[in-house]
Amino acid sequence: MTTRDPNDSSSWRPATQLVHGGTTRSQFGETSETLYLTQGFVYDTAEFAERRFNGEEPGFVYSRYANPTVAMFEDRIKMLEGAEAARATASGMAAVNLALMAAVKAGDHVVAAKALFGSCRYIVETLLPRFGVESTLVDGTDIDQWKAAVRPNTKALFLESPTNPTLEVIDISAVADIAHSAGARLIVDNVFATPMFQSPLSLGADVVVYSATKHIDGQGRCLGGVVLSDEKWITEEVMPFVKHTGPHMSPFSAWVLLKGLETLPLRVAQQTANAAKIADYLAEQSAVSRLVYPGRADHPQADLIKRQMTGGSTMVAFEIDGGKEAAFRFLNALEIIRISNNLGDAKSLITHPATTTHQSIGEDARAELDISGGLLRMSIGLEDAQDLIDDIEKALKAV
C-alpha cells in the first residue's frame with residue numbers, strides 16, 4: 001500500500017484534487033472559493049506598488065494579468081494535469097490561439113492533423129499564414145505523414161485526440177517523438193478525452209489545451225479555456241502574450257469552472273457509461289451505416305486506445321443512411337436529446353457537423369475527413385440511458 005501524506009496536495013488522488021486543490025481562503029474562512037470580482041488591486045505605499053510591479057513582491061496587479069479566483073482554477077487544473085504551470089483564457093479557442101501563437105514567429109512552420117475543429121483549422125490554415133507562419137496538414141493517424149511533413153523550421157505540431165467529430169485516436173507518444181526530434185513542441189487538444197481519461201503530458205506532449213466550456217463546466221453556463229505546460233515556457237512565452245493581448249479568463253467564469261471541477265469525475269464516469277450503452281444499441285440498428293465509439297473493440301484504433309486512454313468517451317459518432325435529409329429527419333424527431341453545437345454537458349446534445357461545426361472547412365475537406373451529410377456527433381449527458389435509447393429508437397423510425 002502506497003503511503004501518502006494527507007497534507008501534500010500533490011499526492012492526492014484526482015477526485016480529492018478536484019475538490020480541494022489550489023484553494024486559498026480569505027480571512028473569513030469560507031468553504032466555497034471566493035469570487036474576487038475586481039479589475040485591479042490597491043497598494044499600501046508607492047514603494048510597495050513598485051516592488052509588486054517589478055516582481056520583488058509577489059501578488060496581483062491587474063486582473064488582465066492574473067486574478068486570485070482565476071489563479072485557484074489554474075492551480076487546480078494544473079495539479080490534475082500534472083503540469084508545472086497553467087494560464088486560463090476566456091474561451092477554448094482563445095487557448096488554442098494562445099498556445100500556437102506563443103510557439104511560433106514569422107518564418108516558422110506548423111504541422112497539424114487534418115481532423116480538427118473548424119475554428120482550429122482556420123487558425124492553422126488561414127490565420128497563422130497571415131503572420132508568416134507556414135502550415136501543413138496531415139492524416140493524424142499516419143505517423144509517416146507526420147515525419148514527412150516536418151521541416152527544419154517546424155516549431156509546433158498540433159493535434160486533437162480523439163478527433164472532432166469522427167473520434168479518431170492519434171498516437172500521442174509517437175507524434176511527440178517526431179516533434180522532439182525536430183526541436184518542436186507538441187500541442188494536444190485534450191477536450192474529447194477529458195483529463196480523466198488521457199494525460200498528454202505523461203505521453204510526451206509539451207502543451208495541453210482545453211476548452212473548459214465543455215466537460216469542465218459541464219452544465220452550459222460559461223466559456224473558458226486553459227493552456228498547460230512547463231513553467232519556463234508559460235512564463236517566458238505565454239504570459240507576455242496574455243498580458244499584452246488580453247485573452248484572460250474572467251473571475252466569474254473561473255469561479256463557475258472551479259465548481260465544475262468538483263464534480264468532473266462523477267459526471268464524466270456516468271456520461272461515459274451512458275455513451276457505451278448507446279453505442280452498443282446503435283451498433284445493432286440497420287439505419288446506422290457507421291458507428292465510431294472509442295470504448296468499443298471495433299474502433300479503428302482500439303489497440304492504441306487501450307495503451308493511451310483509461311476510459312472510453314462521452315461522445316458517440318454515427319452515420320445515418322440517407323445523407324443529410326435522413327439525418328435532419330432524425331434530429332427533428334428527437335425530444336430528449338437536443339440539437340446543439342456544444343458538448344460535454346449534463347444534457348445530451350447532438351450535432352450535424354457538416355452544416356454546423358465543420359461547415360466552414362468546405363465540402364472537399366469534409367469529404368477527406370469522412371464527414372458526410374449523414375454523420376452525427378452525439379454528446380451523451382446524465383439522463384437515464386434507457387430514456388435516451390428510447391428517444392433514439394423513436395427518431396430512427398422517422399428516418
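The values are calculated or read from the model by the stated rules, or taken from the named source; none is laboratory data. Predicted, not measured: the structure shown is a model, and the values here were computed from it. Because the Cβ atoms are built from the backbone with ideal geometry, glycine has one as well, and the counts that use them run over all protein chains shown. Calculation scope for accessible area: heavy atoms of the full protein, side chains included, ligands and nucleic acids excluded. Shrake-Rupley method; radii C 1.70, N 1.55, O 1.52, S 1.80 Å.
Modelled spin-label separation between GLN285 and THR356, with each label point placed 7 Å from Cα along the Cα-to-Cβ direction: 1.6 nm.
What is the magnitude of the charge dipole of the chain about its Cα centre, with +1 placed on the Cβ of each Lys and Arg, -1 on the Cβ of each Asp and Glu, and no other charges, expressed in debye to the nearest 20? Don't jump to the answer; show the numbers that get you there.
Values: 36 positive and 50 negative charges, 81 e Å.
Here the size comes out at about 400 debye.
Once the 1.4 Å probe is applied to the protein heavy atoms, the range 289-399 comes out at 44 Å² accessible per residue.
Once a ≥ b ≥ c are taken as the square roots of the eigenvalues of the Cα gyration tensor of the range 309-373, is the result rounded (a/c under 1.5), prolate (a/b larger than b/c) or oblate (a/b not larger than b/c)?
oblate
The share of accessible area on the range 260-321 that comes from carbon and sulfur is 50 percent, using a 1.4 angstrom probe. Shown are THR166, THR356, whose ranking by accessible area with a 1.4 Å probe and every protein chain present, most to least, is THR356, THR166. Alpha carbon centre of the range 364-392 versus the range 312-335: separation in Å? Cα centres, the range 364-392 to the range 312-335: 5 Å. Tell me, what is the Rg over Rh of the range 167-315, with Rh the Kirkwood radius over Cα pairs? Computed over Cα atoms, the ratio is 1.02. Estimated purely from DSSP H runs of n ≥ 4, each contributing -39500 (n - 2.57), the mean residue ellipticity at 222 nm for the chain is -10500 deg cm²/dmol once divided by its residues. Membrane-span-like helices in the chain, defined purely by DSSP H runs whose alpha carbon atoms cover 15 Å or more axially and whose average Kyte-Doolittle hydropathy reaches -1.0, are 68-81, 92-103, 251-283, 323-333, 385-397.
Can you give the longest run of the chain that contains no chymotrypsin sites (Phe, Trp or Tyr not before Pro) sitting in a DSSP loop with at most 16 other Cβ atoms inside 10 Å? Before the final figure, lay out the partial values.
Working: sites that count: PHE28, PHE41, TYR43, PHE60, TYR65, PHE131.
It works out to 132-399.
Distance between the modelled labels on ALA106 and LYS147, one decimal in nanometres: 3.5 nm (7 Å Cα→Cβ projection). Subtracting the Cα-Cα distance of ALA367 and THR235 from 0.36 nm times their residue separation leaves 43.4 nm of extension gain.
Here the range 226-258 and the range 338-356 have alpha carbon centers that stand 27 Å from each other.
Set the Förster radius R0 to 25 Å, insert the Cβ-Cβ distance between THR16 and THR310 as r into 1/(1 + (r/R0)^6), and round the FRET efficiency to 0.05.
Between THR16 and THR310 the formula returns 0.90.
Which entry in (i) -0.24, -1.11, -1.26; (ii) -0.41, -1.13, -1.18; (iii) -0.21, -1.04, -1.21 matches log10 I(q)/I(0) by the Debye sum over Cα atoms at q = 0.06, 0.13, 0.14 Å⁻¹ derived from the coordinates of this structure? Recomputing log10 I(q)/I(0) by the Debye sum over Cα atoms at q = 0.06, 0.13, 0.14 Å⁻¹ here picks out (i). Dividing the convex hull volume of the alpha carbon atoms of the range 252-351 by its residue count gives 123 Å³ per residue. Calculated on the alpha-carbon coordinates, the convex hull of the range 61-165 measures out at 132 cubic angstrom per residue.
With protein chains left intact and a 1.4 Å probe, residues in the range 42-192 average 38 Å² of accessible area per residue.
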